[in-house]
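J.: My questions all concern the structure below.
The values are calculated or read from the model by the stated rules, or taken from the named source; none is laboratory data. Here the structure is a predicted model, which is why all the values come from computation and not from measurement. Don't worry about glycine lacking a Cβ; one is built from the backbone with ideal geometry, like all the others, and counts go over all protein chains shown. Accessible surface is based on the protein model in full, side chains and every heavy atom, while ligands, DNA and RNA are left aside. Shrake-Rupley method; radii C 1.70, N 1.55, O 1.52, S 1.80 Å.
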Amino acid sequence: MSSSLEALNQWVNQVATHTEADQVMWCDGSNEENERLISLMLDSQELIELNQETHPGCYLHRSDPNDVARVEHLTFVCTQSQADAGPNNHWMDPDKAHALMDELFKGCMKGRTLYVVPYCMGPIDSPLARLGVELTDSPYVVANMRLMTRMGRSALSRIEKEGQFVRGVHSIGELDPDRRYIMHFPEELSIMSFGSGYGGNALLGKKCHALRIASYQAKNEGWLAEHMLIVGIENPQGEIRYVAAAFPSACGKTNLAMLIPPEAYRESGWKVWTVGDDICWLHPGDDGRLYAINPEAGFFGVAPGTSAGTNPNALAMLDQETIFTNVAVTEDGEPWWEGLDDRSPAADWQGRPFDPSQGPAAHPNSRFTVSMKRCPSYSKQAENPRGVPIDAIVFGGRRAHLTPLVMEAHDWTHGVLIGATMASETTAAATGAVGVIRRDPMAMKPFCGYHFADYWQHWLEVGGKLSRPPKIFQVNWFRRDNQGRFIWPGFGDNLRVLEWIVQRCHDEADAISTPVGYVPPADAINVSDLEEKPDLETLLGIETDAWLEEWMAIEGFLSEYGDRVPRALIHRLEGVKQALSDK
Ligand code: GTP
Ligand code: SPV
Ligand code: MN
């Protein structure tokens, strides 16, 4: 046996002994194994069979009602020095965290099976991909990891060759919110998660490994691990230009990644190719450009709001081989959520007869898990071991006011400042209040594994290494009028904005310079084929006074990160404020 497999074995045995697991099962990722696990979960009612005629291979999982979203207040970064975790993370001393977790894990798998889940984040043959092993007592986690990562035999043989892998230990424990912790040890490349079976808390390859641990590794190694979708925009000339976009959780990444062009655009030959919908690893290439891979192999997408009108590509993949979590069910055993269609469901997400007075039928953070390969707009480039070259980086958020539909940063440093200070209304993807505006730098507030100020410095350094850096943009699909209605149609129509963005990257479109960035002249956003004309004057307007106030608030925000904040950003901020005051 190779020494790396020996080390892996030793660790597995140690965890199995400590947790007193009944048995250990090494997962190979095969179909037979998956079928065995599914039938086991049907027996235990961890899964409920959906209508197999309309939805073959589709199942529903109902979480504990106290376990339906990421828990940011229980998520810790445990570095030796508290300063390295930064004010953006909850911190615990690693020794203390280990002691706490050892106590929780002791004997927690009595009567349960310990699954060993080897996985690869990124195309299996990519030098940019990284390995991990998750030990878990949840077969639901195994089934999800199989869809979300390259899981099983091939990952194990790469681990055998390479040796290095991230170690994750997970137990659902008793699903008690008072005994729930998601702990990260970036310096040890390890993760321990206890007490939750939900998404980002439990599928350790996703936010824990591919963002928190990977961002820390990326800083030391000269690349970036980001909360971004990756999409290819093909114009009528057949040129495909790649865009990476960071929006906070539940702010439109999945939708943008697989949008269907408006009819007039389709007719003239525009196409959209999906490379990734949530996580993006960016590496400087030898040619001075930035290359992106999607470390994931599947989508863990928000169900509510997904419909034939908003996201037909998503809907097309969800009628086969999909695991649904916390959606409602119709009389016929089909999955259902708010916004899908005008049927009324029979049972809500907790399995109760649907009663609108008890809240929505599907949980607002209900999700689908499905392989990327089922997506009609799936890009073959998602398997390219080198990744795709990025022309534009886009930052976006949910802001009812102020932030225009789109603007372009003056240059890389200005773009980093825009990303570092962006704000968005909170959503149901994490527990806590919804609709509160908070700063969410690069959409990484819950996911950056180290001090934000060091992270911004790292962004500046990566940009400095690129002879052909992507241009940086900010977008906002969520402007509202006085009645609270969205004033931009969004979804497929967002291509109208992406068109301007990719054209700007190739000097094919005009812009007006303002103190806060370049904005398109109203006629640069093509709405000619839209029956109802959106109010582009409001959508693209820059209100000087409101922006001055915003930049004052931003100054206060940056000061929370102390003197580690890069001077270049402070200097730029002063420049923007001055330009606004001079207006
Ligand atoms: P995570 O998976 O949590 O990271 O979310 P995400 O960023 O992928 O968000 P997603 O695309 O799933 O969208 C979240 C919600 O926003 C869904 O209910 C969508 O229907 C809605 N949404 C997405 N794009 C738009 C848009 O352009 N306009 C409007 N009004 N709503 C949108
Ligand atoms: C998010 O919250 O950004 C998600 C879902 O993509 S989770 O896997 O729970 O992180
Ligand atoms: Mn996400």
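J.: Under a Cβ-Cβ cut-off of 12 Å, what is the net charge of the residues other than LEU131 that fall near it, where Lys and Arg count +1 and Asp and Glu count -1? Before the final figure, lay out the partial values.
T.: Values: positive: ARG130, ARG150, ARG158, LYS161, ARG167; negative: GLU134, GLU160, GLU162.
Once positives and negatives cancel, what remains is +2.
J.: Select from region 519-576 those trypsin sites (Lys or Arg not before Pro) which occupy a DSSP coil region and have at most 12 other Cβ atoms within 10 Å, ordered by residue number.
T.: On the way: sites: ARG564, ARG567, ARG572; in loops: none.
For trypsin sites (Lys or Arg not before Pro) across region 519-576 that sit outside H, G, I, E and B with at most 12 neighbouring Cβ atoms in 10 Å, the list is empty.
J.: If you don't mind, there's one more thing I want to ask. So what's the angle, to the nearest 10 degrees on a 0 to 90 scale, between helix 139-148 and the longest Cα principal axis of the chain?
T.: Result, in degrees: 40.
J.: Can you give the convex hull volume per residue for the Cα atoms of region 57-147, as a whole number of Å³? Numbers along the way, then the final one.
T.: Working: hull volume 15.4 nm³, N = 91.
Taking only Cα atoms, region 57-147 has a hull volume of 170 Å³ per residue.
J.: Starting from the 7 Å offset along Cα-to-Cβ, what nm value, one decimal, do you get for the label separation of GLN82 and LEU5?
T.: So the label points at GLN82 and LEU5 sit 4.6 nm apart.
J.: Share of region 455-583's accessible area from carbon and sulfur, percent, 1.4 Å?
T.: Carbon and sulfur: 45 percent of the exposed surface of region 455-583.
J.: What does the accessible area per residue of the chain come to in Å², with a 1.4 Å probe and no ligands, DNA or RNA counted? Walk me through the intermediate numbers first.
T.: On the way: 22140 Å² over 583 residues.
Normalised by residue count, the accessible surface of the chain is 38 Å².
J.: Right, another one. Can you flag which of LYS271/LYS373; LYS110/LYS207; LYS207/LYS445; LYS253/LYS533; LYS96/LYS445 are past 20 Å Cα-Cα?
T.: Working: LYS271/LYS373 17 Å; LYS110/LYS207 28 Å; LYS207/LYS445 12 Å; LYS253/LYS533 25 Å; LYS96/LYS445 24 Å.
From the list (LYS271/LYS373; LYS110/LYS207; LYS207/LYS445; LYS253/LYS533; LYS96/LYS445), the Cα-Cα distance tops 20 Å for LYS110/LYS207; LYS253/LYS533; LYS96/LYS445.
J.: Now for a separate question. ASN384 to ASP341: extension gain in nm, 0.36 nm per residue of separation minus the Cα-Cα distance?
T.: 11.8 nm
J.: Could you work out the relative contact order of the chain? I mean the mean sequence separation of Cα pairs under 8 Å and 6+ apart, divided by the number of residues, in percent.
T.: Working: 1290 pairs, mean separation 86.6, N = 583.
Relative CO of the chain lands at 15 percent.
J.: Ok, one more. Under 16 Å Cα to Cα from LYS465, which lysines show up? Leave out anything in the same chain fewer than 8 places away.
T.: The qualifying lysines are LYS219.
J.: Here is a further query. For LYS583, which aspartates and glutamates qualify as cross-link partners when the Cα separation must be under 16 Å and same-chain residues fewer than eight apart are set aside?
T.: Hits, sequence-local ones excluded: GLU543, ASP545, GLU549, GLU550, GLU574.
J.: Then there's this: What is the magnitude of the charge dipole of region 425-521 about its Cα centre, with +1 placed on the Cβ of each Lys and Arg, -1 on the Cβ of each Asp and Glu, and no other charges, expressed in debye to the nearest 20?
T.: Working: 11 positive and 10 negative charges, 42 e Å.
Computed about the Cα centre, the dipole is about 200 debye.
J.: What number, rounded to the nearest 500 deg cm²/dmol, is the helix-based mean residue ellipticity at 222 nm of the chain, given -39500 (n - 2.57) per DSSP H run of at least four residues and division by all its residues?
T.: -8500 deg cm²/dmol
J.: Once both labels are modelled 7 Å past Cα along the beta-carbon direction, what's the ASP93-GLU174 spacing in nm?
T.: Rounded to a tenth, the inter-label distance reads 2.8 nm.
J.: Also: For the pair GLN320 and LEU40, what calculated FRET efficiency results from E = 1/(1 + (r/R0)^6), where r is the Cβ-Cβ distance and R0 = 22 Å, to the nearest 0.05?
T.: Numbers: r = 21 Å, r/R0 = 0.95.
It comes to 0.55.
J.: Further, regarding this structure: Under the rule that an exposed site lies in a DSSP loop and has at most 14 other Cβ atoms within 10 Å, name the longest stretch of the chain with no GluC sites (Glu not before Pro) of that kind, not counting the sites themselves. Display every interim value, and only then the final one.
T.: On the way: sites that count: GLU53, GLU174, GLU239, GLU331, GLU508, GLU531, GLU532, GLU543, GLU560.
Answer - 332-507.
J.: ARG153 to ARG266: extension gain in nm, 0.36 nm per residue of separation minus the Cα-Cα distance? Write out the running numbers ahead of the final one.
T.: Values: separation 113, 0.36 × 113 = 40.68 nm, distance 4.08 nm.
Between ARG153 and ARG266, full extension yields 36.6 nm more.
J.: As I understand it, the dipole of region 413-530 uses +1 on the Cβ of Lys and Arg and -1 on the Cβ of Asp and Glu, about the Cα centre. Which of GLY435, THR514, PHE473 lies farthest toward its positive end?
T.: Looking along the dipole axis, the top candidate is GLY435.
J.: Do any chymotrypsin sites (Phe, Trp or Tyr not before Pro) in region 177-274 lie in a loop, going by DSSP, with at most 14 other beta-carbon atoms within 10 Å of their beta carbon, and if so which?
T.: Details: sites: TYR181, PHE194, TYR198, TYR216, TRP223, TYR242, TYR265, TRP270, TRP273; in loops: TYR198, TRP223, TRP270.
Of the chymotrypsin sites (Phe, Trp or Tyr not before Pro), not one in the loops of region 177-274 has a Cβ with at most 14 other Cβ atoms within 10 Å.
J.: Now, a different point. When the chain is fully extended, how far beyond the present Cα-Cα distance does GLN23 get from GLU53, taking 0.36 nm per residue of separation? Please list the in-between numbers first.
T.: Working: separation 30, 0.36 × 30 = 10.80 nm, distance 3.54 nm.
Contour length minus Cα-Cα distance gives 7.3 nm.
J.: Of the trypsin sites (Lys or Arg not before Pro) in region 462-533, which ones lie in a loop per DSSP and count no more than 16 other C-beta atoms within 10 Å? Provide the component values of the computation, followed by the final result.
T.: Values: sites: LYS465, LYS471, ARG479, ARG480, ARG485, ARG496, ARG504; in loops: LYS465, ARG479, ARG485.
Passing sites in region 462-533 are LYS465, ARG485.
J.: Can I ask one more? How much net charge surrounds GLY435 when only the other residues with a Cβ under 13 Å from the Cβ of GLY435 are counted, with Lys and Arg +1 and Asp and Glu -1? Numbers along the way, then the final one.
T.: Working: positive: ARG398, ARG399, ARG438, ARG480; negative: GLU425.
Summing Lys/Arg as +1 and Asp/Glu as -1 gives +3.
J.: Please determine, in degrees from 0 to 90 and to the nearest 10, the orientation of helix 94-105 with respect to the longest principal axis defined by the Cα atoms of the chain, where the helix direction is its Cα long axis.
T.: Result, in degrees: 50.
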